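Report on the following structure.
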Amino acid sequence: MEERIQRLDLLQHTDTVNELLARYGVKFGIYKNNVFKEQLFPFDAIPRIIEHEEFLFLERGLKQRVMALNLFIKDIYSKKQIVKDGIVPEDFIFASSGYMAECENALPPKGIYCHISGIDLVKGKDGNWYILEDNLRVPSGASYPMIARELCRRSSPDTFHDNHLEDNRNYADLLRRTMDYVNTGGHTVILTPGRYNAAYFEHSYLAEKTGAHLVNGSELRVKNDRLYYVSMDGSLEPVGAVYRRISDDYLDPMNFRADSLIGIPHIYDVFRKGNVALLNAPGNGVADDKGIYYFVPKMIRYYLDEEPILSNAPTYLPFYEEDMQYVLEHFDDLVLKDVAEAGGYGVAFGNTMTKDRKEEFIALLKKEPRRFIAQEVIDFQDLDIVEAGSVIPRKADLRAFVLMAEEPLVWKSGLTRFSRNPDSFIVNSSQGGGFKDTWVLSQ
Amino acid sequence: MKKLTFDYYMQIDYSEVVSSCHFTIKCLPKETLRQRVGKVTIKLSPDVSYNAGTDSFGNGQIYGWDDVDHTTFSFRITGDVCAGLDRREEKIDEDMLAVFRHPHGLNRAEEALSAYYEKLAGSLPADAYEKALFLSHSLHEDFVYEKGCTDVGTTAEEAWKLGHGVCQDYAHILIALLHMEKIPARYVTGMIPGEGASHAWVEIAKDGFWYGIDPTNDIPVGDNYIKIGEGRDAADCLINRGIMHGGGNQEQIVRVSVVEVSDGITDVG
């Protein structure tokens, strides 16, 4: 593998590809101290390569996981059988900020909640893949490897002639198929909060590639229980599917946050009547909470009657007496996460705490056991990146994309993110990391 | 059993023209075991069309979009209700019960209210409904009815610390106390005679049914109560909600009347 990479003609073109990415506006925006700043998302040309057989295994595991998560959300917003049967304790549902009572008794078209899922994995030094988290709300990132692949093919056609890999430019087709499958009749649109959103490049790119209209909230209107696109001449054209890239809270000021200026009043009432599909469906936050993560393997057994193919990182819930004991005994070996926090915040490593801090933390843990999960620290594999002309190892994860149409579809690629800081395990792009293309070998 | 007529009138006056507004109105009495709803009339001004549906709790609602320039928006809902047909309000929907067992939004208790609960916990009777009555009595002793010191966003904890409040606050505090006992409890909006505004109370789950208790008046819900809807807290059951373009300053008037129709009058229902 080493040699194969070193010989890649593509590596000679890293700068060209990065320049092209900049020219095409492949950026993400972040707010820092109330100032909006756009940052380039640095691309590293050494691809992450996943062998054909290995990806088949991942594909089976990812399909299984997303099927179970979808059934879970559907169950929670209707019968709640998994709670009644005592598999998931009530406290982890109804006290979670991800649970939205507004979604009770509102079945989305074809019963699909997770149309587009971003599942984050890492590969451990033991060679096993571990699921880090499920992103079922508005996962972003597919556009980066899509455009990177396109630009790489252009700068170094030979590389793609010599290596047999899956073409990842079909993401747009998969997405279109997913949107069309649930469309209730009318246009398909991608709803963006606007150009100051961190992922605006992605919104516009996916609209272009799928042929969907890119719209903002003011271009959509509800009338007589239907959703319409207000065209240039003021006429109303029906909309049947909205791939919305704004969060639940901001979607509809008449049903959720009243101060939202980017949403569409009454869109949720139209959805409730089954007259429009929203991708992803509102309310999915109940299933991608850090506390619920622990229960996903149980969900797979419960709903599908199958053993989970992909493993979670070993996780403990101090909520359970037995787990609390384990956590207290192995405190220094574990990483503790606050279930309410996201984006790398609220994460604490047991072995880096001072004695006082540790005592304080344990007191809090005993007082609010439901608030935390504890995990074994996974020693994950480094990937090579090129920096200042030399090859160095860095931590990296993989976001795999699973789409749900008439069946689950796994995109044969994914977003590989790496940390540029050698000491950091956090690969979140808002913290300055870069990305790689993900090659899945076709044989 | 009583035959009642109700008249709910709400008006908002704006200092500047409103060019468009979206509205959702949840003010349609609910059909339950305890009450039967007769004819209901809805009048909006400006007279615009609307759609009807139910929210996730099964509450009736009408909603729409008004793009006629106006400086006053109003609605009047009138109708007849037969109340007091049963002591039980409704059969429990087992799929929704757990939703009402957990603290949420405005009915959350923190230190002060938890301390009050601890003080009472030892003397509580065994039965869920009896517990609710006991807590309602205590609250009636220890909390003072006073208008104007709390608002629609006041939480149970905040109201308790103030020591004063209105029906909404009584209901939130009672729900918070019942949740500490793991008893499912829900917030109810409705109308009663002589109030002049909408009223709020609490329902408690017991033996497969919901029962109403009015902690503000410290009595079980009787035959002159008209129930509109339910939710976890007041925010789930807002009677009117709207967003508008323009308008400037606004002033809202609400006038509610509930009158008992004597048996001699035959043109009811």
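The values are calculated or read from the model by the stated rules, or taken from the named source; none is laboratory data. Everything numeric here is computed off the predicted structure, so don't read it as measured data. With ideal geometry, Cβ positions are generated from the backbone for all residues, glycine too; neighbour counts draw on all protein chains shown.
Name the residue that is nearest to the other protein chains (Cβ to nearest Cβ), counting only residues in the range A:107-128 that are at pLDDT 95 or above and out of contact with any strand residue (DSSP E or B) (no Cβ under 7 Å at 6 or more places or on another chain).
Selected residue: A:107.
For residue B:1, which of the numbered conditions (1) at pLDDT 95 or above; (2) away from chain A (no Cβ under 14 Å) fails to hold?
The single condition residue B:1 does not satisfy is (1).
Considering only residues of the range A:238-255 that are in contact with a strand residue (DSSP E or B) (Cβ under 6 Å, 6 or more places away or on another chain) and within 11 Å of chain B (Cβ to nearest Cβ), which is farthest from residue B:63 (Cα to Cα)?
A:253
So for the range A:59-68 (the condition being farther than 26 Å from residue A:164 by Cα, out of contact with any Ser or Thr (no Cβ under 8 Å at 6 or more places or on another chain) and surrounded by fewer than 17 Cβ atoms within 10 Å (Cβ to Cβ)), does at least one residue qualify? Outline the logic, then answer.
Applying the first criterion (farther than 26 Å from residue A:164 by Cα) to the range A:59-68 yields A:64-68.
Restricting the remaining residues to those that are out of contact with any Ser or Thr (no Cβ under 8 Å at 6 or more places or on another chain) gives A:64-65, A:67-68.
Checking the rest, the ones that are also surrounded by fewer than 17 Cβ atoms within 10 Å (Cβ to Cβ) come to none.
The answer is no, given that none of the residues of the range A:59-68 is farther than 26 Å from residue A:164 by Cα, out of contact with any Ser or Thr (no Cβ under 8 Å at 6 or more places or on another chain) and surrounded by fewer than 17 Cβ atoms within 10 Å (Cβ to Cβ).
Exactly one condition in (1) assigned to a loop (DSSP other than H, G, I, E, B); (2) surrounded by fewer than 22 Cβ atoms within 10 Å (Cβ to Cβ) is false for residue A:265; which is it?
Among (1) assigned to a loop (DSSP other than H, G, I, E, B); (2) surrounded by fewer than 22 Cβ atoms within 10 Å (Cβ to Cβ), residue A:265 violates only (2).
For every residue, the table says whether it meets (1) more than 20 Å from residue A:122 (Cα to Cα); (2) modelled with pLDDT of 95 or more; (3) polar (S, T, N, Q).
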residue	(1), (2), (3)
A:369	yes, no, no
A:380	no, no, no
A:386	yes, no, no
A:389	yes, no, no
A:395	no, no, no
A:398	no, yes, no
A:405	yes, yes, no
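Of the residues A:204, A:156, only one is under 21 Å from the mean Cα position of the chain (by Cα), under 26 Å from residue A:39 (Cα atoms) and surrounded by fewer than 22 Cβ atoms within 10 Å (Cβ to Cβ); which?
A:204
For residues that are surrounded by 17 or more Cβ atoms within 10 Å (Cβ to Cβ), under 30 Å from residue B:54 (Cβ atoms) and among the aliphatic types (A, V, I, L, M), tally how many sit in the range A:207-241.
Qualifying residue count, the range A:207-241: 6.
Search the range B:51-65 for residues that are within 8 Å of chain A (Cβ to nearest Cβ) and within 15 Å of residue B:77 (Cα to Cα) and pair each with any residue that is in a strand (DSSP E or B) and among the charged types (D, E, K, R) when their beta-carbon atoms are under 9 Å apart and the residues are at least 6 apart or on different chains.
B:63/B:241
To keep it simple, each residue is scored yes or no on (1) away from chain B (no Cβ under 14 Å); (2) over 30 Å from residue A:55 (Cα atoms).
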site: A:257; (1), (2): no, yes
site: A:271; (1), (2): no, yes
site: A:293; (1), (2): yes, no
site: A:315; (1), (2): yes, no
site: A:320; (1), (2): yes, yes
site: A:337; (1), (2): yes, no
site: A:354; (1), (2): yes, yes
site: A:365; (1), (2): yes, yes
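Conditions: (1) of a type in the set (Ser, Thr, Tyr); (2) in contact (Cβ under 8 Å) with a residue 40 or more places away in the chain; (3) surrounded by fewer than 16 Cβ atoms within 10 Å (Cβ to Cβ); (4) more than 13 Å from chain A (Cβ to nearest Cβ). Residue B:41 meets all but one. Number of the miss?
Going through the list (1) of a type in the set (Ser, Thr, Tyr); (2) in contact (Cβ under 8 Å) with a residue 40 or more places away in the chain; (3) surrounded by fewer than 16 Cβ atoms within 10 Å (Cβ to Cβ); (4) more than 13 Å from chain A (Cβ to nearest Cβ), residue B:41 breaks only (2).
When the residues of the range A:218-237 are narrowed to those that are over 27 Å from residue A:142 (Cβ atoms) and of a type in the set (Gly, Ala, Ser), which ends up farthest from the other protein chains (Cβ to nearest Cβ)?
Only one residue fits best here, namely A:231.
How many residues does the range A:44-101 contain that are free of Cβ contacts under 8 Å to residues at least 12 places away in the same chain, farther than 30 Å from residue A:418 by Cβ and not hydrophobic (A, V, I, L, M, F, W, C)? Spell out the reasoning first.
Quick first cut of the range A:44-101, residues free of Cβ contacts under 8 Å to residues at least 12 places away in the same chain only: A:53-54, A:56, A:79, A:81, A:83-84, A:86, A:90, A:94, A:101.
Now narrow it down to the ones that are farther than 30 Å from residue A:418 by Cβ: A:79, A:81, A:83-84, A:86, A:90, A:94, A:101.
Of the ones still in play, those that are also not hydrophobic (A, V, I, L, M, F, W, C) are A:79, A:81, A:84, A:86, A:90.
Residues flagged as free of Cβ contacts under 8 Å to residues at least 12 places away in the same chain, farther than 30 Å from residue A:418 by Cβ and not hydrophobic (A, V, I, L, M, F, W, C) within the range A:44-101 amount to 5.
Counting only residues that are surrounded by 24 or more Cβ atoms within 10 Å (Cβ to Cβ) and of a type in the set (S, T, N, Q), how many does the range A:377-415 have?
Matching residues across the range A:377-415 total 1.
Given the conditions (1) buried (at least 19 other Cβ atoms within 10 Å of the Cβ); (2) modelled with pLDDT under 95, report the number of the one that residue A:195 does not fulfil.
Residue A:195 satisfies all of (1) buried (at least 19 other Cβ atoms within 10 Å of the Cβ); (2) modelled with pLDDT under 95 except (1).
Of the residues that sit in the range B:93-141 and are within 14 Å of chain A (Cβ to nearest Cβ) and of a type in the set (Gly, Ala, Ser), which one is farthest from residue A:83 (Cα to Cα)?
Step by step, filter the range B:93-141, then rank; the result is B:114.
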